[in-house]
1. Could you list all residues from the stretch 547-567 that are open to solvent by less than 30 Å² (accessible area, probe 1.4 Å) and farther than 14 Å from residue 484 by Cβ?
2. What about residue 380, is it at pLDDT 85 or above and among the hydrophobic types (A, V, I, L, M, F, W, C)?
3. May I ask you to say which residue of 244, 288, 250, 292 is open to solvent by less than 50 Å² (accessible area, probe 1.4 Å), of a type in the set (Gly, Ala, Ser) and at pLDDT 80 or above?
4. Under 7 Å between Cβ atoms, at least 6 apart or on separate chains: pull out the pairs that start in the stretch 543-570 with a residue that is in contact (Cβ under 8 Å) with a residue 24 or more places away in the chain and end on any residue that is of a type in the set (D, E, K, R) and open to solvent by less than 40 Å² (accessible area, probe 1.4 Å).
5. Do we find that residue 513 is open to solvent by less than 50 Å² (accessible area, probe 1.4 Å), more than 19 Å from residue 485 (Cβ to Cβ) and aromatic (Phe, Trp, Tyr) in this structure?
6. Quick check, is residue 544 among the charged types (D, E, K, R), out of contact with any Lys or Arg (no Cβ under 7 Å at 6 or more places or on another chain) and either at positive phi or buried (at least 18 other Cβ atoms within 10 Å of the Cβ) (or both)?
7. Need the failing condition index for residue 451 against (1) modelled with pLDDT of 85 or more; (2) open to solvent by 50 Å² or more (accessible area, probe 1.4 Å), just the number.
8. Filter the stretch 32-59 down to the residues that are of a type outside the set (Ser, Thr, Tyr), assigned to a loop (DSSP other than H, G, I, E, B) and either more than 18 Å from residue 92 (Cα to Cα) or at pLDDT 65 or above (or both) and list them by number.
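The values are calculated or read from the model by the stated rules, or taken from the named source; none is laboratory data. Note that the coordinates shown come from a computational prediction; the quantities given were computed from them, not determined experimentally. Cβ placement follows ideal geometry from the backbone for every residue including glycine, while neighbour counts extend to all protein chains displayed. Accessible surface areas use protein heavy atoms only, side chains included; no ligands, DNA or RNA. Shrake-Rupley method; radii C 1.70, N 1.55, O 1.52, S 1.80 Å.
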Amino acid sequence: MSIWIIFKLLGSLALLMFGMKSMSEALQKMAGPQLRHVLGAMTTNRFTGMLTGMLVTASVQSSTATTVMTVSFVNAGLLTLAQAISVIMGANIGTTLTAWIMSAGMSFDITSAVYPAFFMGIILIYQKKYRYIGDFLFGLSFLLLGLGTLRATGAEMHLGENQALLHFFASFDPTSFVTTLIFLLLGGVLTFCVQSSAAVMAITMILCSSGALPIYQGIALVMGENIGTTVTSNLAAMSANTQARRAALAHMFFNVFGVIWILFVFRPFIDMVCGWVGYDVDMVKETAGTAAFLANSAKLSFVLAAFHTTFNVSNTMILIWFIPQIEKFVCWVIKPKRVDEEEDFRLHFITAGFMKTPELSVLEAQKEISSFSERMQRMFGMVQDLLNLSSSSQNKDKNSEQEFNKLFTRIEKYESISDNMELEIAQYLESVSDAHLSDDTKAKIRAMLREVSELESIGDSCYNMARTINRKYAAKQDHFIEKQYDHLHQMMGLTDQALTQMNQLMGGRKEAYNINRTFNIENEINNYRNQLKAQNIIDVNNHEYTYAEGTIYIDLVNECEKLGDYVVNVVEARMGTRQREA
């Protein structure tokens, strides 16, 4: 075998993998938001969930993409883990469409048809309105060109006449259960190494259709490939949150369980699938002749595709009735991490292993920003509690001082968390923005970068208020008078309302949000700030409290007003409106 043929084989595999990736990304760009809405709306029960997972995966040609979207919805509370498991089962069926595309590419010479598709694709790419269709055509053409080249390379290699290869496969006893396990393991390892089940499927189809690899060993490779692809997702999920790891484990359980039961009915099941396709399992080259043997072997790519589909459909039909039990099992195996919220500044939704395509990465980042937003409101709640502690401890005892200091330390940690979250989310969005993005996604990333910057400013405002309260408390100065506390509580109440409105927007759909609510609250905050500043001058002149106490009091009022401005900026960024003049 010449070095040129080896490079041709590797190059055509690379072309196949690139075509799959490009086609999947183009489809997601064309239907990204719609797919998310479909996935969220069509999972009312386990059967609609399964059908949704199947249709979405068949549409975007990526079970990984469907799984990532599903996990993000579980994290956001839009889907239960049980619904997610049903979607993942459907995704396993939907991904078998890829095998049928590949089997067609292996059976017919389709390379001549890809050149008109390339020509049409380049015309559409340069037309802004249709460029994603052009990207899809290019991806599909690369996929088919890779398959055609792979098929031609396999024919050039004459694998069915390669004595060394034939002797290698003949050295395994085809009737032995150990042989099946060896090829099962080999398929899993190969898939894990090349990180592409499509590439391993293509290699298996070449070996089988050339007559070099017997069908039983070929199907064992396909079964191993089903497990290998779940090992990858479980390793990727190790750094993710609890629900993501549970979903990945459910995916692995689904495939491992399927492989176990299929091993008990291995030969009868394969013989049944071969009968459907019209492949003669018992045909021998020496008795039937080379031409008849190769013609029979050419059907093997369809046998592999048919087995892949039948296996996943049968497995789903069995396990779909046991989804509650699978959910209990994965929850039992993977316990939630017991980490204090204040000390856990690890991102919950964004994980490097799950960042597969830009469109999905933006969805993950949006969930992370929603979590960031909720965290900032919790931080502001702590500031309100700190003010209450400072007012209630007229006679400072040791316990009240410890409680006050403990709460102030928590707020300090939250300020550090907000800095880390801004930096990590911004870096993640910058890495996503390096990819080839749709205009809509570019605009979303710009808006999201502004959102995280303004949310971090909210954290700074909360910390500034906490430091001001702490400074007054530590200096053992006189407490604010009752009227001042009432005004501060009212001002903070308005600010908390603004934060609540912001979080409703961040966690929901912007089409259903009325931005005037936020503007109305901001106007109330501004008017109340002006009223309190004017009243403060009168109160100081009337010697109701000292000028120094009035300054600290107005510092807190002004900080609330600044925080309200930051809230408006977050809302405007999310809604896509222009920033207002300060």
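1. 559, 561, 563, 564, 567, listed by residue number.
2. For residue 380, the condition - at pLDDT 85 or above and among the hydrophobic types (A, V, I, L, M, F, W, C) - is met.
3. Answer to the check: 250.
4. The qualifying pairs are 545/539; 552/472; 564/522; 566/454; 568/522; 569/454; 570/451; 570/454.
5. yes
6. No; evaluated as a whole, the condition is false for this residue.
7. That leaves (2) as the condition not met.
8. Once the filter is applied, which keeps residues that are of a type outside the set (Ser, Thr, Tyr), assigned to a loop (DSSP other than H, G, I, E, B) and either more than 18 Å from residue 92 (Cα to Cα) or at pLDDT 65 or above (or both), the stretch 32-59 yields only 45.
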